[in-house]
Amino acid sequence: MDMTTFVKRISVACSILLLATPLTGEVFAQQKNDITNVKATSSSTASTTELVVPIDLTQDDELWYRSERISGNIDVGDFVVGPGRTEIEVSPGETVTREITVTNRISADRSFLLEIEDITGSDDGSSAVSLTGDKVGPYSIRDFISFPEDNFTLDLGERARIPITITVPPNTSPGGYYGSVLVSTVRKADSEVSAAPRSPIIARVGSLFFLRVRGDVVIEGKTSDISLTRNKWWYEKGPIDFGILYENTGSVHVNPYGELSIKNMFGEEVGFIELEPWFVLPKSLRLREITWDREFLLGRYTATAKVNRGYDDIVDKVSVSFWVMPWKIVGGMFFVLFVIIFGIRAFFRTFEFKRKG
């Protein structure tokens, strides 16, 4: 066998080995060929990193969604809905379509239900959004959203892409309208063989829809305060929890962002946290919670937040001060200092006594 033939055979062998090696840590979306029994699906994005294979999927006219099958760790006992939030800007009389996904990682032949609920903000900053149930919210989106069907069944590892239609009537007033498309399923109790029967658990996951109708709107808000969420000014050690309170007094939601800087008593910056954008609904308060931790803290510190209001590049500046005194360390230092001082005084007393003697 000559050298050229030998090299060719080695190259072919390496190629076969490489192609046969599985890709670890990736989740693939594959085309589902048999989806004729699927009635409907809702939206969802997987919480783990996935490599999605583009799908050229041709479906029967009677099917109103696209379906995929994912591989990887699919039997984890939950379902995933995504995206978490969709922001849309439209004009009165306009119709747009967006998509949500639902991924079934619970069991085979799992039934799901789609619902629409309005959401509202908080008047005390305690929560980002609150569902209104059957009540109409202050900026209701309930009558704007529709989908062909409200229930569907998914196989284990199946993902459905659900079209959500948003239709804004021509006479709609400018401003913000907010709601959630909820996906729910009934999960069985943890132990099906338990002697005592248990009630099924209804799990619900929502995808938020933020709709802004073009026109004359009021965009107004400000950072009201920064506080220590444990309501104290003295700590023994970290972590230190802060709460930044933002008040939106306008007619549309805003997305403030900024930074938090912590300096010690000498004016040196010892901590820095970038504040990613968060949303605040109209006519509501929202408390943004931040945690800062460091191994060793001692003395007085000042935390300063610079928050961009999310419009017109206006920046608010708020500050709060606190003390960190680890009592064990401080107590030990005082004890050592006391022993040193006591020893020095005892030494000089003894020395003076001998001189007098």
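Throughout, read-outs are computed from the coordinates displayed, never taken from laboratory work. Since this is a predicted model, take the numbers as computed values, not measurements. With ideal geometry, Cβ positions are generated from the backbone for all residues, glycine too; neighbour counts draw on all protein chains shown.
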If you stretched the chain out fully between Val218 and Asn255, how much longer would it get, using 0.36 nm times the residue separation minus the C-alpha to C-alpha distance?
-> 11.9 nm
What's the center-to-center distance, using Cα atoms, between segment 74-97 and segment 99-160 in Å?
-> 9 Å
Using a Cα distance threshold of under 14 Å, what count of lysine pairs results for segment 221-325 when pairs must be 8 or more residues apart or interchain?
-> 5
Hz values of 3J(HN,Hα) by residue in segment 84-101 - Karplus curve (6.51, -1.76, 1.60), Gly and Pro given as x = x, 8, 10, 9, 10, 10, 9, 9, x, x, 8, 10, 10, 10, 10, 10, 10, 10
Roughly how many nanometres apart are two label points built 7 Å out from the Cα toward the Cβ at Glu89 and Thr350?
-> 8.2 nm
Inter-label distance for Leu131 and Asp143, nm, one decimal - labels placed 7 Å from Cα along Cα-to-Cβ | 2.3 nm
Once you list every other residue whose beta carbon is under 15 Å from the beta carbon of Val168, what net charge do they have if Lys and Arg are +1 and Asp and Glu are -1?
-> 0
